[in-house]
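Asker: Here it is, the structure, as structure tokens.
The values are calculated or read from the model by the stated rules, or taken from the named source; none is laboratory data. Nothing here was measured: the structure is a model prediction, and the numbers come from that model. All accessible areas refer to the heavy atoms of the entire protein, side chains included, with ligands and DNA or RNA removed. Shrake-Rupley method; radii C 1.70, N 1.55, O 1.52, S 1.80 Å.
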Amino acid sequence: AISDVVKQEVQSVKTELRSELGGEINALKGELTEVKADVNEMKTDLAGVKEDLAEVKAEVAEVKTDLAGVKEDLTEVKAEVAEMKIGLAEVKADVRTINLKLENEVDFKLRLLLENYMPAAKRYETESGQVETLQSDMGTVKKAVEAHSGILNQHSEMIREHSEQLSKLVRLA
């Protein structure tokens, strides 16, 4: 009988609690359903974030690979630039040598050539008229020599003839 009373009492407390707390429990169940929906949505979003993160990781790995290639290329470019700097230094040294040679040898020879050429050119300029006069005079002298040679040949012939006649006369005498 006590146990029946206790059972009834417990039953009555349960009923009272259900009636008082039932609305709150149902509200909590509704909120819990919303929270579950939010959690499921977050799980879906998290799965999307995980996929995005996986893509980002793949892209980062690709960028790292590309960056390694760029670093290799940069190392090669630096080596080539270093070689070019050495080559440029050699070219500069060669240019210095050429400039010194031009200044010390070629300029000197050009000055010497000009010092001799200019007076010779002026002399030629002033004496070219004299050369023409000499050529003209030479033509005249040539004609005179030819004419005098002819006269001398005639005189030589006359002297030979006279010499033969004189020799005959000397033998006769």
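Listed here are the residues, each with its yes/no results for (1) open to solvent by 90 Å² or more (accessible area, probe 1.4 Å); (2) among the small types (Gly, Ala, Ser).
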position	(1), (2)
GLU34	yes, no
VAL60	no, no
ALA68	no, yes
VAL77	no, no
PRO119	no, no
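Asker: Out of all the residues in segment 151-173, is one or more outside any helix (DSSP H, G or I) and small (Gly, Ala, Ser)?
Answerer: yes
Asker: Has segment 51-58 got at least one residue that is open to solvent by 90 Å² or more (accessible area, probe 1.4 Å), of a type in the set (Val, Ile, Thr) and either at positive phi or part of a helix (DSSP H, G or I) (or both)?
Answerer: no
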